[in-house]
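I have placed the structure first, in the form of structure tokens, so that the comments after it can refer back to it.
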Amino acid sequence: MLLIIEKRTIIDLVTMIGGEMAGKVMKLLLRKPGITDEEIALKLKVDVREVRRILHRLNELGILHYELTRDKETEHRIFKWYVEEGQVTGFIMTHMKKILDRLKRKLESEKNHQFYWCGTPGHRKYLFDEAMDRLFRCPECGNPLQPYQNEEVVKALEWKIAELEGFLEELMKVGKVEGIEEKPTKSK
């Protein structure tokens with residue numbers, strides 16, 4: 001694939017998904033493809049069960065895959081783990097689309113509703129009906145709930161949506177050049 005994701009980005013992504021130990025596991029896998037879960041546990045000095053839990057979670061997400069072999073003497077199964085670097089792009093695109101969908105829903109909500117807020121950072125905004133139910137008083141601090149001017153929020157959401165749509169469009173162009181675009185459905 002033409003799009004190359006830096007190894008540091010992959011490690012950061014996995015750290016966000018699975019925590020610090022998952023990031024360490026990914027870093028090791030990127031350096032030594034085909035390493036076993038036991039070897040990872042030994043190198044990182046952690047319980048093999050924790051390593052296996054992380055590996056299987058990343059496998060479920062499509063970021064890793066494994067080769068299964070058997071020890072000739074003991075007949076135990078041996079899992080050799082590999083990073084699916086090409087799948088990381090698809091994983092990122094899928095999650096970016098989910099984020100884009102949430103941002104669009106948030107934008108619609110911001111555009112279509114009047115919000116009321118007490119002005120205290122960290123306190124939530126209320127829809128008109130919710131504010132009315134609370135007699136236009138903040139239940140947390142008791143300050144009056146005033147109409148909230150959300151033009152800045154709307155502009156920020158529109159900007160972020162445009163940025164994500166542009167990025168996804170670029171990723172799709174790369175995919176089309178590579179021949180990995182979605183297959184069109186056949187019409188009857």
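The values are calculated or read from the model by the stated rules, or taken from the named source; none is laboratory data. Note that this is a predicted model, so its numbers are computed, not measured. For neighbour counting, all protein chains shown are included, and Cβ atoms are generated from backbone atoms with ideal geometry for every residue, glycine included.
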- line: The condition from (1) at pLDDT below 95; (2) in the same structural domain as residue 112 (by TED's automatic domain parsing) that residue 183 misses is numbered (2)
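Could you list all residues from the stretch 135-172 that are charged (D, E, K, R) and in contact with a strand residue (DSSP E or B) (Cβ under 7 Å, 6 or more places away or on another chain)? Before the answer, list the steps.
If we filter the stretch 135-172 for residues that are charged (D, E, K, R), which is where we start, we get 137, 140, 151-152, 155, 158, 160, 163, 165, 169-170.
Result: 137, single match.
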- request: Using the structure shown, decide if residue 97 is loosely packed, with under 15 Cβ neighbours inside 10 Å and at pLDDT 95 or above.
  value: no
- prompt: What pairs come up if the first residue lies in the stretch 1-12 and is at negative phi and at pLDDT 80 or above, the second is in a helix (DSSP H, G or I) and aliphatic (A, V, I, L, M), and their beta carbons are under 7 Å apart, counting only those six or more places apart or on different chains?
  reply: 7/30; 10/26; 10/30; 10/88; 11/26
field: Residues located in the stretch 104-114, provided they are modelled with pLDDT under 95 and surrounded by 16 or more Cβ atoms within 10 Å (Cβ to Cβ)
entry: 110
query: Has the stretch 92-110 got at least one residue that is of a type in the set (Val, Ile, Thr), in contact (Cβ under 8 Å) with a residue 60 or more places away in the chain and within 21 Å of residue 27 (Cα to Cα)?
result: yes
field: Residue count, the stretch 141-174 (criterion: aromatic (Phe, Trp, Tyr), in a helix (DSSP H, G or I), under 26 Å from residue 122 (Cβ atoms) and touching a residue at least 12 places away in the same chain (Cβ under 8 Å))
entry: 0
message: With the requirement that a residue be among the polar types (S, T, N, Q) and either in a strand (DSSP E or B) or at pLDDT below 90 (or both), what does the stretch 57-73 give you?
response: 69
task: Filter the stretch 57-69 down to residues that are more than 17 Å from the chain's Cα centre (by Cα) and surrounded by 15 or more Cβ atoms within 10 Å (Cβ to Cβ), then give me how many there are.
output: 1
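May I ask you to say which residue of 142, 166 is small (Gly, Ala, Ser), at pLDDT 80 or above, more than 23 Å from the chain's Cα centre (by Cα) and more than 30 Å from residue 35 (Cα to Cα)? Spell out how you get there, then give the answer.
On the way: 166 fails: more than 23 Å from the chain's Cα centre (by Cα).
Residue meeting the stated conditions: 142.
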- line: Per the list (1) surrounded by 13 or more Cβ atoms within 10 Å (Cβ to Cβ); (2) among the basic types (Lys, Arg); (3) more than 20 Å from residue 12 (Cβ to Cβ), residue check on residue 45 breaks on (1)
field: the stretch 13-51 - residue that is part of a loop (DSSP other than H, G, I, E, B) and within 24 Å of residue 94 (Cβ to Cβ) and, of those, modelled with the lowest pLDDT
entry: 19
field: Residues located in the stretch 70-125, provided they are under 28 Å from the mean Cα position of the chain (by Cα) and among the hydroxyl-bearing types (Ser, Thr, Tyr)
entry: 82, 89, 94, 109
query: If you check residue 54 against the conditions, is it in a helix (DSSP H, G or I), in contact (Cβ under 8 Å) with a residue 12 or more places away in the chain and loosely packed, with under 15 Cβ neighbours inside 10 Å?
result: no
- request: Please find, among 131, 156, the residue that is farther than 30 Å from residue 13 by Cβ, small (Gly, Ala, Ser), out of contact with any Asp or Glu (no Cβ under 8 Å at 6 or more places or on another chain) and surrounded by 13 or more Cβ atoms within 10 Å (Cβ to Cβ).
  value: 131
